[in-house]
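Below is one structure, written out as C-alpha cells; comments come after it.
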Amino acid sequence: MFVSFNLIDQPWLVVRPVGGGAAVEVSLRQAICEAHLFEDLVVDLPTQKPALLRQVLLPVVVRALGRPENTRAWARWFQAGEFTPQQQDDLHRYLDAQRERFDLFHPRDPFGQVAGLRTVKDETKGSAVLVATAASGNNVPFFASRSDADPLELTPAQAARWLLHAHCWDTAAIKTGVVGDPNVKAGKTTGNPTGPLGQCGVIVPMGRTLFDTLLLNVPSGPALRSDDLPQWERRTPDTRSELSVAGSEWHTREAAGLLDVWTWQSRRVRLIPDTTPDGPWVTRVVLAAGDRLSTTPDVEPHTAWNLTSAGKTGGKNGTSVPRRPRRHPQGKAAWRGLEALLATDRQDRAATATTAGFATSRLINELRARRELMASDYPVQLELLGMVYGTQSAVFEDVYFDSIPLPLTALDTDSRVPGALLEMTAQAEDLAQAVNNLSADLRRAAGAEPIPWDKGHRPGELVLHALDPVVRRVMVGIRTVGEDFDLLERGLTAWEQKAKHITLRVGERVLATVAPSAFTGRTIKQGEKELTYRQATAESNFRARIGQILTRVQSNAAELPAPDLDQARTT
C-alpha cells in the first residue's frame, strides 16, 4: 500500500502566529506564502530551525523568485512586509511544479532520501538515530527516559523535521554500508564528517515575522549558476552523476553554489513508514554515508570565519588566506564574541603570521549595507547555534544556543555605537578578570595556589553571569539611540554604575570566604625578589582595578590610589 505525505500541502511545520496564540502546524506552502502572519518557527530543538530554513524554506523562495539583485531591490521586497500577489503566484506555480518531489514516502523519489536504500542483510535502525535528543546506540543523553531498545514512533511531520536536521547536524564516524555504495568496506563506511552545520558556528538573523526572517537570510546578488540547484531538482535518472542525490553512491566535492550548500545531502537516508489505524508512523530507518564537502565554500552565509595567514599554514608567495568556519565557544554568551560579529569589514581583523583574524558572516555584512534602507530601531535578533560533539564527534553532547539583539547602528563604522558596544563587552571581561585576580591573590595570601584557568569554577564567571542580562538590556536600548551620542553616553554611564555594583558584590562574596591567615599574609620568594600577599593589598588592588576599568564612574572616597597592577607588592 502506497503511503503519502506531501510536505507542500500537508501540515508539518510548527509556527507561532503574529500577536500571540497557540502554535499551529502548517504546510510548506502556507508557511511561505503566509509568512507575514507568523512570528517564527517553533522547533523541537534550536538546531532544527536553521535546518528547516536552509533545507526547504529559503531554497524554495530563491528558486521560485530568484534573489534580489542588489540592496535596493532587496529593500523593496522587505518594505512590502509580505510577498506581493505576483510573487505569491510565482511561489504557487513553483510549488505545484515540484509537488511530486516533496512526497516524504514517494516510491521512486522520496523527499530528501534514496528510494530502496538497503543494506546487504536488509538491516534497519530505530528512528531514534535521527533524533539528536533520543537514546540511540552510544548516543545516550543523561537522564533519558527511554533506551535504544524502546521504539521511537515519529509522526510523518516529526520524521520530516528530524530528517532535515540529520542532513545538517548528524554525528560523524562509522555509518552503515548500503548496497550500491562503492566505498563500503566490511559493511560500513568510515571517516564520515559531521553534517555541514556541525562544523560551523551558525548565525541566523531573525526579524519581526517569518517573512522578515526569510528576507534577512537571502543574500543579494546576480542570478545563481544554472547547475546550482536544490537537492529535489538533482534527482537525475543517472544516479552515478556527481550532482545526483537519488542513489546510494556519494561523492566528495565542492558545492556548486548557494542552493547546493543549503540543501547539502550529507547522508543517504530511507524512512520506513508503518501503516496504522492512526495513520503512518516512522519507527525504522536506514541511515548511511552521504556527500562530503571538500571545503566550506565562501558562499556559505550562516557562519563567521577564522582567517589564518598563508605563511602560518605553509602557504607560499601570495597564496590566498585560508578561511575556516568560526565555531562558537562552548559555555560563552554570544555577546562575548561581539568583536567577530561586528567585523563587517573583512580587513578589520586580517590574519598575521602570529595572530588569527576573523570575518563576520556574509548576512551580517549584507545587513551593514541594508541598514540605511531599514528603520534604525528595527529589532534584528541574532540566533547563534552550534552542536557540541563528543568521542570523535560520534555522539551529541550538547547544543549551543543563544540569541542577542543587534542594533543596526552597531554596523555603522562611522558611528560611536560599535565602539561603545565593544568597550562594554571588554569591560565585562576585564571585571571578571579583576575578580579572578582578587581570588588568586587571596588564595596566595592564605597559603594556597590560585584556581587554574582551565579547571574548577573561577569566581569571575559569577560576574559575567550577573552582567549578562544588563548587557542585553543595553543592546536593546541602543537601538533607539540613533545619532544622540549624549543619550549613548548616559546609557554607558548607567551601565558602568550597574557593572560596578555587581562586581563589588561578587568581590565581597569572595572576601567573605577568605581564610583568617590571609589577613597577615604570606611572603613568597621569586628569584631575588620577595613578594608579600595579604588580604588588604588584594582588596586595594581589586578596587583600584575596577576604577581603572570603569572610567565613567568615580571611585569611592575610601578607595586607595591605583597601584601598579603588573607587579605584586614587594617588602
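The values are calculated or read from the model by the stated rules, or taken from the named source; none is laboratory data. If you're wondering where the values come from, they're calculated on a predicted model, not measured in any experiment. Because the Cβ atoms are built from the backbone with ideal geometry, glycine has one as well, and the counts that use them run over all protein chains shown.
Overview of results
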quantity	calculated
Among the residues listed as Val299, Val321, the single one being modelled with pLDDT of 90 or more, surrounded by fewer than 23 Cβ atoms within 10 Å (Cβ to Cβ) and not in a strand (DSSP E or B)	Val299
Among the candidates Ala428, Ala446, residue that is in the same structural domain as Thr537 (by TED's automatic domain parsing), among the aliphatic types (A, V, I, L, M) and modelled with pLDDT under 95	Ala446
Among the residues listed as Thr493, Thr480, the single one being surrounded by fewer than 20 Cβ atoms within 10 Å (Cβ to Cβ), within 23 Å of Arg371 (Cα to Cα), polar (S, T, N, Q) and assigned by TED's automatic domain parsing to the domain that holds Leu531	Thr480
Criterion violated by Glu449 - all others in (1) surrounded by 14 or more Cβ atoms within 10 Å (Cβ to Cβ); (2) touching a Lys or Arg at 6+ places or on another chain (Cβ under 8 Å) satisfied	(1)
Options Leu406, Leu411, Leu422, Leu384; residue that is in contact with a His (Cβ under 8 Å, 6 or more places away or on another chain) and within 30 Å of Leu215 (Cβ to Cβ)	Leu384
Wholly enclosed strands (runs of 3 or more DSSP E) of region 149-240 bearing at least 3 residues more than 22 Å from the chain's Cα centre (by Cα) and farther than 30 Å from Ala97 by Cα	173-176, 188-192
Options Phe111, Phe78, Phe83, Phe105: the member that is surrounded by 15 or more Cβ atoms within 10 Å (Cβ to Cβ), over 26 Å from Phe38 (Cα atoms) and at pLDDT 95 or above	Phe105
Within region 250-280, tally of residues that are part of a strand (DSSP E or B) and either under 16 Å from Thr296 (Cβ atoms) or basic (Lys, Arg) (or both)	5
Count of residues meeting criterion [surrounded by 13 or more Cβ atoms within 10 Å (Cβ to Cβ) and over 30 Å from Gln113 (Cα atoms)] in region 53-75	5
Qualifying residue in region 502-518 (condition: over 23 Å from Thr409 (Cα atoms), touching an Asp or Glu at 6+ places or on another chain (Cβ under 6 Å) and buried (at least 16 other Cβ atoms within 10 Å of the Cβ))	no
Test set (1) free of Cβ contacts under 8 Å to residues at least 60 places away in the same chain; (2) under 28 Å from Val481 (Cβ atoms); (3) in a loop (DSSP other than H, G, I, E, B) - Thr413 fails condition number	(1)
Extreme residue, farthest from Leu431 (Cα to Cα), among residues of region 504-557 that are among the charged types (D, E, K, R) and in a loop (DSSP other than H, G, I, E, B)	Glu528
Candidate set: region 5-36, residues that are assigned to a helix (DSSP H, G or I) and touching a helix residue (DSSP H, G or I) at 6+ places or on another chain (Cβ under 8 Å); chosen: the one surrounded by the most Cβ atoms within 10 Å (Cβ to Cβ)	Ile32
Answer residue from region 37-51, given it is part of a helix (DSSP H, G or I) and touching a strand residue (DSSP E or B) at 6+ places or on another chain (Cβ under 6 Å) and is surrounded by the most Cβ atoms within 10 Å (Cβ to Cβ) among those	Pro50
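So that you can scan it fast, the table gives a plain yes or no per residue for (1) farther than 24 Å from Ile8 by Cα; (2) surrounded by fewer than 20 Cβ atoms within 10 Å (Cβ to Cβ):
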residue: Asn183; (1), (2): yes, yes
residue: Leu216; (1), (2): no, no
residue: Leu229; (1), (2): no, yes
residue: Asp238; (1), (2): yes, yes
residue: Trp250; (1), (2): yes, no
residue: Leu258; (1), (2): no, no
residue: Trp264; (1), (2): no, no
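Yes or no, residue by residue, for (1) out of contact with any strand residue (DSSP E or B) (no Cβ under 8 Å at 6 or more places or on another chain); (2) under 25 Å from Thr303 (Cβ atoms):
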{"position": "Val56", "(1), (2)": "yes, yes"}
{"position": "Arg67", "(1), (2)": "yes, yes"}
{"position": "Trp77", "(1), (2)": "yes, yes"}
{"position": "Thr84", "(1), (2)": "yes, no"}
{"position": "Asp90", "(1), (2)": "yes, no"}
{"position": "Phe105", "(1), (2)": "no, no"}
{"position": "Thr119", "(1), (2)": "no, no"}
